[in-house]
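Visitor: Structure below; questions to follow.
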Amino acid sequence: MEQVLRPVRLLMNAQLIRRVDEVIASGLGGFTTREELIEEALNSYLLELRDINFRSPDLSVGKPVAGTLQEGTEVVRDEGRSRSVPTRIISLPSGFATQGDEMFVEDVPLLGLHNRDWPSLWALSRLAHVSAAGPVPFASFLEDVTAEAWRLAASLQAELGAHAKPATLMLPTNVLKKQSANIGFQNFAVGSVSSKPHHRGLHKVTGPLPVWRAIAFLKGAKGLQVSLTKQGWELLKIVDGLGADQPHNRGVAEAFFSYLRANSPSDWWGFETMLREVSHTPTRDALLTAMADAREWSPSIASSATQGYIARSREWGLVEPKLTGGTYRLTDFGKETLHNVQR
């Protein structure tokens, strides 16, 4: 369905507009205009406000869920490639592993543009399949896994119909802005490496898979190569068989959190801080203030981190999918997890 565009005149904080322009100028997220960035930000926040709690009893390929696409639903066209993509993570028993060449991996909490873990874990499984015998060129892997992510989104949309939106979050779906969708998936679901040495003469690596210590890079004559680490293979065993439905299996969630505590302490810090603060049943403003104070973040960074960790906490079943009286609440699983952390 053709988009209906309407001009909207808004008064906005000048400092906020400057930050928007800085993001566009830096190329972060692949946005080229203010309109693109603001639309994406609004869509993400509206999803949080709507409190979509996605559940599906069966996501196996070939079993579509009855329903029709709602107005405004993005449709992924397969562009002639009809090969279906498994909608559950498929692991391998083992394969090539490396700790890679030394890179600067900044151990920091992941921000709001990474607002779902399943697509990253799925991408890790795809890397395992192509690098089981040895490292592969990183640029080629990004290109191939992105093309496969489009087909994955199409498979989920075909199966789930009107209920597909939550299952395809973080996957590329916007055919009208394909380049932006590709870059967003690659940077925030997989990871990126700076083109030039950035820190102490080392290339800077960002994104969930490097921050989780699940993948590593090797410098070669033909460019940068990538493969799983030993920890990456351990993580893949934890999530083997995991589907896009959420909240995810509790046993898998517990094992995933244990993995983060051991291998990505700053990302686990985000979850632990979210658990602690949400246990006080805060409003959104109170939660933003608490997150900013906990890390001495600016309001904009605190907002991004809060949005990301709330969404991911809901994905793993720690935070209730709906606000109660304008406040966030922990689920029983969230309360038990916090209790175990505080022991």
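Visitor: Please give the peptides 313-324, 158-169 ranked by average Cβ packing (other Cβ atoms within 10 Å per residue), highest first, as a rough proxy for protection.
Guide: Descending packing order for the listed peptides: 158-169, 313-324.
Visitor: For the stretch 236-341, what is the Kirkwood estimate of the hydrodynamic radius, computed as the reciprocal of the mean inverse distance between distinct Cα atoms, to one decimal in Å?
Guide: It works out to 14.1 Å.
Visitor: Another one. Taking the square root of 5 times each eigenvalue of the Cα gyration tensor, what semi-axes in Å does the equivalent ellipsoid of the stretch 179-247 have, largest first?
Guide: They are 25, 17, 11 Å, listed largest first.
Visitor: Enter the per residue convex hull volume of the stretch 76-219, computed from alpha-carbon coordinates, in Å³ rounded to the nearest integer.
Guide: Residue-normalised Cα hull volume stands at 120 Å³.
Visitor: Show which lysines lie in cross-link reach of Lys222 when reach means a straight Cα distance below 22 angstrom and same-chain residues fewer than eight apart are skipped.
Guide: Lys196, Lys204
Visitor: Looking at the stretch 171-204, which trypsin sites (Lys or Arg not before Pro) are in a loop (DSSP not H, G, I, E or B) and have at most 10 other Cβ atoms within 10 Å?
Guide: Here the trypsin sites (Lys or Arg not before Pro) that fit, given the DSSP loop and packing criteria, are Arg200.
Visitor: What number, in percent, do you get for the relative contact order of the stretch 230-343 if the mean sequence gap of Cα pairs under 8 Å and at least 6 apart is divided by its residue count?
Guide: Computed value for the stretch 230-343: 27 percent relative contact order.
Every read-out reported here was derived from the displayed coordinates using simple, explicitly stated rules and does not represent laboratory data. All values derive from a computational prediction rather than experimental measurement. As a convention, Cβ positions derive from the backbone with ideal geometry for all residues, glycine included, and neighbour counts pool all protein chains shown.
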